[in-house]
Every structure is written in structure tokens, then in C-alpha cells.
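Only the coordinates and a few stated rules stand behind these numbers; no lab work does. Because the structure is predicted, anything quoted here is derived from the model rather than measured. A quick note on method: Cβ atoms are made from the backbone with ideal geometry, for glycine too, and the neighbour counts reach across all protein chains shown.
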Amino acid sequence: MQTKQKECVPLNVAVLTVSDTRTLETDTSGQYLVDQLTHAGHVIAAREIVIDDVYQLRAQVSAWIANPDIQAIISTGGTGFTERDNTPEALQPLFDKEIDGFGELFRHLSLADIGTSTVQSRALGGMANRTVIFCLPGSTGACRTGWEGILSEQLDSRHRPCNFVPHTRTDDV
């Protein structure tokens, strides 16, 4: 007897690139995420490039959190330790709940690629208004690590024993 595979529930995802220098033409990290999300069956509901400014980042992400048509947000960039890296400071206060395991697992997976430099990653995740938010470093390699090692499964409604899809506003659309 063959069990029937559940159908994937596509999410409406917003992709945010945090950068003072990138354009849509040079944003390889954001494009990688768009390509992977689309290939997985998700819908790109929005894509923006915002400079690394705490208040501009909060404004953009707050608008997406308030939008009932967006269930997930993935950002790339601004998670390091330079003076201009402000993504955690900008977005963490918006979270209703933090996803502590996301940053922990991301750094664990990154160890194989970049060694102890992974301690300088401040990748983080959280939930706000039933929107799941993941903040990745700005390199395409880091986005690949995050997608392949965590997000492809955690944004897939078929992944067991659990995933983030039931915690989002998929029933609101």
C-alpha cells in the first residue's frame, strides 16, 4: 500500500537584500534565494534592496509583517560585525518569538565551509504576526548553506516531523 504524498503548500515570500552597494543586477545572493524559492514552488511576493540602516530595514520588514499576503521573509546581508551591519539590531525587536535554533544550526553548518569564522555570523530567525523571518549573511555561499541546510526543508509543508508552514498565515489567504 502506497501512502499519498501531501502536496506542497506554496508560501508567498519576500526577499530582502541589505546592502549599500548592490543593485538587482549585482545581487547574486538575493537572486540565488529567488531562484531556489521559485524552483521549490514558492511565490516571490516582493523583493527589495534596502541600505543597511536600522530604521529603513524596520520600515520595510514591518510593512511585510503587516501584509497578510506574505508568510515568509528571508533577508541576506548585514549580519556581520562591521559598523554598517545592523540587520539583527533592526529586525530582532520586531520578533514576537525568536527561532534560536536557526542561528545555532546555521553556524554549525557553516563551520564546514568557513571554519571558525562562523562565530562572526549573526544569522537569526524569528516569528512576527505569523510571518516567519530568516536573516542570512550576505554571501551567496552563506545563502546556499542556509537554503540547502535548513530553509528548503523548513519552508516545505511536507517536511516531517515539523516545519514552519503551519505557523504562518497560509490559512488567511
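Observations
- Secondary structure note: in the chain, about 30% of the DSSP beta bridges are antiparallel.
- Ranked by how many other Cβ atoms sit within 10 Å of their own Cβ, fewest first, the residues ILE65, ILE74 fall in the order ILE65, ILE74.
- Projected label distance in nm at ALA63 and SER117, using a 7 Å step from Cα toward the beta-carbon: 3.4 nm
- Residue exposure sequence - ARG107, ARG84 - by fewest surrounding Cβ within 10 Å: ARG84, ARG107
- Taking the chain and dividing mean pair separation by its residue count, relative contact order in percent (alpha carbons under 8 Å, at least six apart): 26 percent
- By the count of neighbouring beta-carbon atoms within 10 Å, fewest first, PHE81, PHE134, PHE95, PHE164 end up ordered PHE81, PHE95, PHE164, PHE134.
- Residues whose amide H comes within less than 5 Å of that of LEU124, counting only those at least five positions distant or on another chain, are CYS135 (H built at 1.01 Å from N in the peptide plane).
- If you wrap segment 59-130 in the convex hull of its Cα atoms and look at it from every side, the mean projected area works out to 5.1 nm².
- Reported to the nearest whole Å, the Cα centre-to-centre distance from segment 82-128 to segment 1-53 is 18.
- Here the Karplus curve 6.51 cos²θ - 1.76 cosθ + 1.60, taken at θ = phi - 60°, turns the phi angles of segment 135-147 into couplings of 10, 9, x, x, 6, 5, x, 5, 5, 5, 4, x, 5 Hz, with x standing for Gly and Pro.
- Remark: segment 70-127 carries a charge dipole of roughly 80 debye about the Cα centre, counting +1 on each Lys and Arg Cβ and -1 on each Asp and Glu Cβ.
- Cα-based helix-to-principal-axis angle, 28-39 vs the chain, degrees rounded to 10: 0 degrees
- Placing unit charges on the Cβ atoms only, positive for Lys and Arg and negative for Asp and Glu, gives segment 21-173 a dipole magnitude near 180 debye about its Cα centre.
- Between the helical axis of 54-66 and the longest alpha-carbon principal axis of the chain there is an angle of about 10 degrees.
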